[in-house]
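Take a look at the structure below.
The values are calculated or read from the model by the stated rules, or taken from the named source; none is laboratory data. Every value quoted in this text rests on a predicted model; they were computed, and no experiment measured them. Reconstructed Cβ throughout: ideal geometry from the backbone, glycine too, with neighbour counts over all protein chains shown.
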Amino acid sequence: MNSLGPFGLLVIAVVVAALFVLVGAIPILLGRNLITGRPAWTHVKEWLLYPLIATLMIAAFEGSFFYAASKGIDEHTTVKWMNIILTAVFVFGFAVKKFWRFRKRRAFWAELGVLLVAHFVILQRLQWQKANYFWLMIVFGIPEMFVVFFLISLMFNPKVGPPSEDFPKQVRPPD
């Protein structure tokens, strides 16, 4: 009947869902901006980008799931690794966001790299009896995020650090 297969149908479903979100979200955003007195198109670029990012993430995870199934890799192993990767994105994404002002220091990236390797080594060695990996981000991710923040803040104090070099220097007017 169709030659798309399950992956093609899933991609079409995700794209249609993203379009439905945009059809509903954009008028609400525009209405909110008009009511609050902001320019109408404020933050619309970000709102358009979110469904695209979500669509690409879903397509990547589903693609890896179908690829692993075609190679004969166990479903539980595939889901476990997807959740380990998603937890790493959650934990280390927030860590990079919080300590972004230290991005030009090699020690920051070295410490983050060591913690990332430790994340994968520790979580891949855990023995799971069933595929209840959804809770991985909550059970391990949130405490791990506090540990990562604590360890990075031992080396870099987020409140006292150097000013970010992205902002222009303030020039004092002549007296």
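The helices (runs of 4 or more DSSP H) found entirely in region 44-127 that carry 2 or more residues being in the same structural domain as GLU144 (by TED's automatic domain parsing) and under 30 Å from LEU22 (Cβ atoms) are 75-98. The criterion of being surrounded by 14 or more Cβ atoms within 10 Å (Cβ to Cβ) and out of contact with any Gly (no Cβ under 9 Å at 6 or more places or on another chain) does not hold for PHE90.
Got at least one residue in region 13-24 being under 27 Å from LEU86 (Cα atoms), of a type outside the set (Asp, Glu), at pLDDT below 70 and exposed (fewer than 13 other Cβ atoms within 10 Å of the Cβ)? No, region 13-24 contains no residue that is under 27 Å from LEU86 (Cα atoms), of a type outside the set (Asp, Glu), at pLDDT below 70 and exposed (fewer than 13 other Cβ atoms within 10 Å of the Cβ). Can you find a residue that is modelled with pLDDT of 90 or more, within 14 Å of PHE92 (Cβ to Cβ) and exposed (fewer than 11 other Cβ atoms within 10 Å of the Cβ) anywhere in region 117-129? Yes: one or more hits.
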